1. Count, please, the residues in the range 41-77 that happen to be free of Cβ contacts under 8 Å to residues at least 60 places away in the same chain, not hydrophobic (A, V, I, L, M, F, W, C) and not in a helix (DSSP H, G or I).
2. Checking the structure you have, find out if any residue of the range 343-358 is assigned by TED's automatic domain parsing to the domain that holds Ala382, part of a helix (DSSP H, G or I) and more than 18 Å from Ala437 (Cβ to Cβ).
3. Arg38 - would you say it is without any contact (Cβ under 8 Å) to a residue 40 or more places away in the chain and assigned by TED's automatic domain parsing to the domain that holds Ile103?
4. Could you tell me which residue of the range 196-208 is farthest from Val247 (Cα to Cα), considering only residues that are modelled with pLDDT of 65 or more and exposed (fewer than 12 other Cβ atoms within 10 Å of the Cβ)?
5. Name the helices (runs of 4 or more DSSP H) wholly inside the range 207-303 in which the number of residues that are in contact with a Gly (Cβ under 8 Å, 6 or more places away or on another chain) is 2 or more.
6. Name every residue in the range 297-309 that is surrounded by fewer than 17 Cβ atoms within 10 Å (Cβ to Cβ) and farther than 18 Å from Pro365 by Cβ, in order of residue number.
7. When you scan the range 127-144, do you find a residue that is of a type in the set (Gly, Ala, Ser), touching a Leu at 6+ places or on another chain (Cβ under 6 Å), modelled with pLDDT under 80 and under 17 Å from Thr319 (Cβ atoms), even just one?
8. When the residues of the range 310-332 are filtered to those that are surrounded by fewer than 21 Cβ atoms within 10 Å (Cβ to Cβ) and in contact with a Pro (Cβ under 6 Å, 6 or more places away or on another chain), which remaining residue is farthest from Gly139 (Cα to Cα)?
Amino acid sequence: MYRNSRGHPGTVLAAVAVAQFAVALDLSVVNVALPAVRGALGFAPLGLSWVVHAYALTLGGFLLLGGRAADLFGRRRLFVLGLAVFGLCSLAGGLAQAPWQLIAARAGQGLGAAAAAPAALAMLTTTFAEGPRRVRALGVWSGVNAAGGALGVLVGGLLTEYAGWRWVMLVNLPIVAVALALVPAGGVPADARPARRDRLDVLGAVLATCGVGLLVLGVVRTDAEGWGAPVTWVMLVAGAALLAAFVRAEGRTSAPLLRLGLLRGRWVAGANVLVFLSTAGQFAAFYFVSLYMQQVLGMGAAATGAAFVPFSVSLVAGTLVATRITSARTPRTSLVPGALLAAAGLAWFAFISPDGGFLTDVLGPCLVTGFGVGLVIAPVVAAATTGVAPHEAGMASGLMNSSRQLGGCLGLAVLATLAQHRTGTATGPTALNDGYALGLAVAAALFVLAAVVAMGVLPGRPAATPGPRSEPTAETEAERTAKNRTEAPQR
C-alpha cells in the first residue's frame, strides 16, 4: 500500500521525473555551448569556466540543507519553490547581456535545483512503500536522471548549432512548466501539517553548506589554479575542517541537519560510498569520451552529442533490467555485476586510438558501459533510501545527492589532472589520446572498487521497513540517558 494515499502515485512520479530531467540536463547541456557563449558575451578565458562551476558550486553546497528543509517545511513546498527559482534563473540566463549576469543565473539555477532535487526524491520514497513499487519508481527516476545528463550533450550541441546558445538556457522553461503543471493536477498531495516541527539546525546548515561549498570550489578551480597552488589547499583544508566541525556539531544537537545514526546503517553508508565512486567514474567517462571524439577524431558538437545516443539507449535498457532484478531480490544483486560490467566497458574504452573511429573505438564500449551504469544507478538509489524512516526521507535524499555531486566534481578534477599530467605540454592527437586513455582506465578502476564495496558492505538481505512516525524527533545520547534515569525508579 502506498504511504501517501492522498496523492496519485503516477502523477507524483511524472512530476518528479520531469523535474529531475531538467536538473540533470543542466549539468552538461551548457558544455558544448561554451565557445559560442564566450564569443557572444566576451568572457575572459578563465571566467568562462564559471558558467559550469557556478551551477556545481551552489548545487553541491546546498543539497544537505535542501533535503532537511524539505522534511521540516514540506516536500511539495520545497519542490515547487525550487522549480520556480530554477525556471526564473533559466530565463534570466537566456536573456543575459553580460558575463556576470549569466554566472549569477547559473548560481541561481544550482540553488533552485538544490531545493527541488532532494524534495523530489523524498516525495518518491514517501509515496511508494519499500518493495517492488518503490524500486520501479526509483528505476524511472534514475533512468531519467542519467538520460538527462547524457542527452545534455546532444541537446546542447543541436541547440547551439541550429537555434543559438541562449536556447541552452531557455529550453528549461517548458520542462519546468510541465513539472509545475502536474503539481496541482490532483496527483501531488499537499504537505501534511506535522504534530511538532523541529527547528532548523542553523549551525549545521552553515557548517555543511560552507564546508561542501569550499570543497567543491577548491576542486573545480584546479583547472585554473592547479592542485599544487596554495589557494587550492587552503580551500580544501578549510572545507574539510568545516565538515569535521559539522560532524561534531551534529552529534550534540537534538534536531540535526544530518542525523549521524543514519550513517551507521550499512545500506545508507554503503550506498553513499557507491554513489560517490560510480558518479566519479561516470562523469569522467563522459568528459574524456566527449573530448576524444572532438579533439582526436575531429567530430563536431552536434555529431558528438548524437554519438552519445547509443549510450543513453543502453543505459535505459540496463535500468529496466536492474529494476526487474532489484524488485525480486536485493540491490546488491544488480550492483555488483553492473559495476563490473561498467568497469569492463571503460577498460575497453582505454584502448582508444588516435587513428580510430566511432564504430571501432566508441560504439562497442559505449554500449557495454551504458548497460553496466544502468544496472548500478537504479539499485544504488534504492539502497540509499532502504530502511530510512519517512520523516528522514529528505535528509537521506540530500545526503545521496551530495555524495553524487561531490563524487562527480572530485572524480572529474582528479582524473582530468592525471590525464593532463600524462599529456604534458603536447597538443597533438597522439598525446591527447594517451591522456584520455589513462583517465578512462582509472575510471574503470573506480567501478571495480565500487563492486568491492557492494560485496563487502551492503547486506545480502533486505532491511526491515521502518514504520511511519507522526511526530519527527531526534534524541541525542544525553537525552536518552536522562530519560532512562527518570524512568528507572518507575520500573
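1. The number of residues fulfilling the criteria is 1.
2. No: the range 343-358 contains no residue that is assigned by TED's automatic domain parsing to the domain that holds Ala382, part of a helix (DSSP H, G or I) and more than 18 Å from Ala437 (Cβ to Cβ).
3. yes
4. Of everything passing the filter in the range 196-208, Arg199 is farthest from Val247 (Cα to Cα).
5. Correct list: 230-250, 266-291.
6. Hits for the range 297-309 are Gly298, Gly300.
7. no
8. Thr330
The values are calculated or read from the model by the stated rules, or taken from the named source; none is laboratory data. Since this is a predicted model, take the numbers as computed values, not measurements. In this analysis, Cβ positions are derived from the backbone assuming ideal geometry, glycine residues included, and neighbour counts consider all displayed protein chains.
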